[in-house]
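The values are calculated or read from the model by the stated rules, or taken from the named source; none is laboratory data. Not measured: the values here are computed from a predicted model. Reconstructed Cβ throughout: ideal geometry from the backbone, glycine too, with neighbour counts over all protein chains shown. With ligands, DNA and RNA removed, areas are computed over all heavy atoms of the protein, side chains included. Shrake-Rupley method; radii C 1.70, N 1.55, O 1.52, S 1.80 Å.
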2 protein chains.
Amino acid sequence: MSNPSSNPSIKDIAARANVSTATVSYVLNGTRNVRPKTRERVLAVIEELNYKPNDIAKSLKRRRTDTIGVIAEDVTVFNTPEIIDGINDYGDRHDLHILLTNLRLDKRIGRDFEHTDKYRKYAASAVSELLSKQVDGMIYIGVHPRDLTGLIDSEGKPIVYTYAYTQNDMAIQYNDEQASYEAMSYLVARGHRRIAIISGLMDSIPSRLRLNGYYKAVTEFELPFDPVLIKMGDWERESGYRLTRELLSLPAPPTAILAMNDVMAVGVLQAANEAGVNIPADLSVIGFDNREFSDYLSPRITTMDLPLHEMGYRAMETLHEVINGKQAWRPEMPVCRLIERDSVAPPKGGKP
Amino acid sequence: MSNPSSNPSIKDIAARANVSTATVSYVLNGTRNVRPKTRERVLAVIEELNYKPNDIAKSLKRRRTDTIGVIAEDVTVFNTPEIIDGINDYGDRHDLHILLTNLRLDKRIGRDFEHTDKYRKYAASAVSELLSKQVDGMIYIGVHPRDLTGLIDSEGKPIVYTYAYTQNDMAIQYNDEQASYEAMSYLVARGHRRIAIISGLMDSIPSRLRLNGYYKAVTEFELPFDPVLIKMGDWERESGYRLTRELLSLPAPPTAILAMNDVMAVGVLQAANEAGVNIPADLSVIGFDNREFSDYLSPRITTMDLPLHEMGYRAMETLHEVINGKQAWRPEMPVCRLIERDSVAPPKGGKP
DNA sequence: CTGTTAGCGCGTTCAC
DNA sequence: GTGAACGCGCTAACAG
């Protein structure tokens, strides 16, 4: 016995079962036929000693760790846990493990994405550590969809981005344009034609894509196009509040507002409330993100659910296939789906 | 050169710098003095070849991975990301890595904690995998504080629980009793004496401890003790709603309500709103958890913030010290702190 | 077909 | 400053 005090090794098993370590290995992995009797004996000893193979040694030899490095820009941001959950879902089914790196971006440098220098340093050291740990690949989870081209060098290891992208790497992104188009269709189907939109910051990709979906709906459904119905917010509640006040004071206010996130939708509710405008009777509201609290407000907000779990799952799946040499990169994007709640009703005087 | 196509190994560095691999290792780790000139040469080659040590090989020899296995019962539950963030915070400062396991309990078996059989299987396989990966220790993050004694066998590896505990292992728990006592003190200081409490499920530890804090405050501040002011909820909004209606219809309704979580506080607001009771003018409310949405409601809810980040940090710190042989187990519990917002005011006719 | 021997993967560290 | 054994499991080559 090599060392009775520490965990038993394959040698201990071999000795106790009167076989070579090779035989034990073959039994363990089914890599070759072993006579049933021998196999039984080996398995009995493994059981008896509660032997667990050392994955570190195994990985060293196999040059593969079955471990994926996940770089999260910030795990405390709402999108990240669900994405990680999706990654775990796939990982569980395929015996893949997760080495988690949390850049803690929100706490360390906030949302000022221009701090490229500092950011690059954090990211580089995260990648470097994961590479040292010999991960088989990496998944990068952003806090906000944006172009990260040139910021990260994965040094040849496969990497998949989600909730962020680069011009050269694989990325799993949901379909923003479809989402806002679908929200618009939903409102139009209920008789709305004068629909306002409160966007996020305009340097953000989702803002632009969702605006595209809005325009597309305006065109296809031949809605009256009025620039005053398009408001630029900043994702924060206060902007939803302020812009809704502006919209409500218009000579011809909208009958519905599409807010690009649930946080701004809170501001919409507040402004409407203060103005004595009833939601949904006088004004319909749709949010985005399906944040937990959107179900706790009065009225409960109808909102677009982001396919976060699916994004994580697909990112992991894509990475896994690339690692295994199947270049199964598919272009279809996960889609958002509308969660119908109580903040939308037909407009007054509209069709039923 | 052993293999020009794959990553350079210590051998490649040694060969190119005309030294032995031992010397390279000494340079890398500062384990021994190396003549400056030699050291320079080695460092230059390392730079030139962009050499990164293989942590897998290193771990195999050192019998230590500097990796901690984190077992989260469910990463999508609100407490978990912040706890993980705290773990990362400490880990970053001490070069510790995180191998994340997500039991996905909520999605797989829900909140029925009695499914012990299934649960035990998931937990055991998680531990087993982490052990195979040779983690130096483990942190267990529960979804709800409860006694897990006997459910998990860490097979001798150090393990620290947080947001859960066992009778034999180290656990980092926040101080529930102090928290509700402090919330009560805050209300009393503002003149409230008739204070109701809406608890969570009574088979839950936090419910009982917080009730203790309530009783302690009632006794110490000599508040009128009236059992009808003590309501048993179930953590869900509907129970907050229903029980508040009951409280408001009392002959002598309370002037303040302490809800054991923010979700039930939403129900309190709703019931008060329907009854035409103004918060905080007619009724004060304090919640628990400092959920993000508590700041989005009208009025913004005053609530107890849970020291989640600190719990993660302390769990990691404790584990690290145990691994290093410093049995630095401290009994002090992280404390909650009150977030003052707009849902508390002096009672009508109370002192200013 | 079954079993064994021995070298390897890569970095660490003791003895010289 | 170096040689070589070592940590542990895998697997090619070989023997029966």
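Kindly indicate which of B:ARG120, B:ARG111 is more than 8 Å from every other protein chain (Cβ to nearest Cβ) and assigned to a loop (DSSP other than H, G, I, E, B). Full working, then the answer.
On the way: B:ARG120 fails: assigned to a loop (DSSP other than H, G, I, E, B).
None of the other options fit; the residue is B:ARG111.
Since A:PRO53 meets every condition but one in (1) touching a residue at least 40 places away in the same chain (Cβ under 8 Å); (2) surrounded by fewer than 19 Cβ atoms within 10 Å (Cβ to Cβ); (3) more than 20 Å from B:SER128 (Cα to Cα), which condition does it not meet?
A:PRO53 satisfies every listed condition except (3).
Only one of these conditions is not met by B:ASP289: (1) on the phi > 0 side of the Ramachandran plot; (2) free of Cβ contacts under 8 Å to residues at least 24 places away in the same chain; (3) not hydrophobic (A, V, I, L, M, F, W, C). Which number is it?
Going through the list (1) on the phi > 0 side of the Ramachandran plot; (2) free of Cβ contacts under 8 Å to residues at least 24 places away in the same chain; (3) not hydrophobic (A, V, I, L, M, F, W, C), B:ASP289 breaks only (2).
Given the condition assigned to a loop (DSSP other than H, G, I, E, B) and touching a residue at least 60 places away in the same chain (Cβ under 8 Å), answer yes or no: does some residue in region A:79-95 qualify?
yes
Name the residue that is farthest from the other protein chains (Cβ to nearest Cβ), counting only residues in region A:95-106 that are charged (D, E, K, R) and away from DNA strand D (no atom under 15 Å from the Cβ).
A:ASP106
Is it true that B:PRO334 is closer than 18 Å to B:THR255 by Cβ, touching a residue at least 12 places away in the same chain (Cβ under 8 Å) and not in a helix (DSSP H, G or I)?
Against the criterion (closer than 18 Å to B:THR255 by Cβ, touching a residue at least 12 places away in the same chain (Cβ under 8 Å) and not in a helix (DSSP H, G or I)), B:PRO334 does not qualify.
Out of region A:21-34, which residues are hydroxyl-bearing (Ser, Thr, Tyr) and within 7 Å of DNA strand D (Cβ to nearest atom)?
Looking only at region A:21-34, we keep the residues that are hydroxyl-bearing (Ser, Thr, Tyr), and these are A:21, A:23, A:25-26, A:31.
Answer for region A:21-34, where residues must be hydroxyl-bearing (Ser, Thr, Tyr) and within 7 Å of DNA strand D (Cβ to nearest atom): A:THR21, A:SER25, A:TYR26, A:THR31.
For A:LYS58, state whether it is open to solvent by 30 Å² or more (accessible area, probe 1.4 Å), closer than 17 Å to B:LYS133 by Cβ, near DNA strand C (Cβ under 10 Å from one of its atoms) and not hydrophobic (A, V, I, L, M, F, W, C).
In short, yes.
Looking at (1) under 23 Å from the mean Cα position of the chain (by Cα); (2) surrounded by fewer than 18 Cβ atoms within 10 Å (Cβ to Cβ), which one does A:PRO307 not meet, given that it meets all the others?
(2)
For the structure I just gave you, tell me whether B:SER294 is open to solvent by less than 10 Å² (accessible area, probe 1.4 Å) and either under 22 Å from B:ILE195 (Cα atoms) or assigned by the TED database to the domain that holds B:TYR214 (or both).
In short, yes.
Does B:VAL143 satisfy the condition of being at pLDDT below 95, open to solvent by less than 30 Å² (accessible area, probe 1.4 Å), of a type in the set (Val, Ile, Thr) and in a loop (DSSP other than H, G, I, E, B)? Quick ask: steps written out before the conclusion?
Details: at pLDDT below 95: yes; open to solvent by less than 30 Å² (accessible area, probe 1.4 Å): yes; of a type in the set (Val, Ile, Thr): yes; in a loop (DSSP other than H, G, I, E, B): yes.
Taking the combined requirement at face value, the residue satisfies it.
Is it true that A:SER180 is open to solvent by 20 Å² or more (accessible area, probe 1.4 Å), within 30 Å of A:LEU283 (Cβ to Cβ) and away from every other protein chain (no Cβ under 14 Å)?
Numbers: open to solvent by 20 Å² or more (accessible area, probe 1.4 Å): no; within 30 Å of A:LEU283 (Cβ to Cβ): yes; away from every other protein chain (no Cβ under 14 Å): yes.
So A:SER180 does not fit the description; no.
Kindly establish whether A:VAL160 is farther than 19 Å from B:ASP55 by Cβ, open to solvent by less than 10 Å² (accessible area, probe 1.4 Å) and in contact with a Gly (Cβ under 8 Å, 6 or more places away or on another chain).
It is true that A:VAL160 is farther than 19 Å from B:ASP55 by Cβ, open to solvent by less than 10 Å² (accessible area, probe 1.4 Å) and in contact with a Gly (Cβ under 8 Å, 6 or more places away or on another chain).
Quick grid of which residues meet (1) touching a helix residue (DSSP H, G or I) at 6+ places or on another chain (Cβ under 6 Å); (2) on the phi > 0 side of the Ramachandran plot; (3) of a type outside the set (Asp, Glu):
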site	(1), (2), (3)
A:ILE109	yes, no, yes
A:GLU114	no, no, no
A:VAL127	no, no, yes
A:GLN134	yes, yes, yes
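May I ask you to list the residues in region A:47-62 that are among the basic types (Lys, Arg) and more than 8 Å from every other protein chain (Cβ to nearest Cβ)?
Scanning region A:47-62 gives A:LYS58, A:LYS61, A:ARG62.
Can you spot a residue in region A:237-253 that is open to solvent by less than 30 Å² (accessible area, probe 1.4 Å), in a strand (DSSP E or B), modelled with pLDDT of 95 or more and touching a strand residue (DSSP E or B) at 6+ places or on another chain (Cβ under 8 Å)?
Looking through region A:237-253, none of the residues is open to solvent by less than 30 Å² (accessible area, probe 1.4 Å), in a strand (DSSP E or B), modelled with pLDDT of 95 or more and touching a strand residue (DSSP E or B) at 6+ places or on another chain (Cβ under 8 Å).
Which of the residues that make up region A:2-44 are within 7 Å of DNA strand C (Cβ to nearest atom), open to solvent by less than 70 Å² (accessible area, probe 1.4 Å) and not in a helix (DSSP H, G or I)?
Listed by number, the residues that qualify are A:VAL19, A:SER20, A:VAL34.
Name every residue in region A:38-66 that is away from DNA strand D (no atom under 11 Å from the Cβ), closer than 11 Å to A:VAL24 by Cα and among the hydrophobic types (A, V, I, L, M, F, W, C), in order of residue number.
The answer is A:VAL42, A:LEU43, A:VAL45.
Condition first: facing another protein chain (nearest Cβ under 10 Å), farther than 16 Å from B:HIS309 by Cα and open to solvent by less than 40 Å² (accessible area, probe 1.4 Å). Can you find one or more residues in region B:74-94 that meet it?
yes
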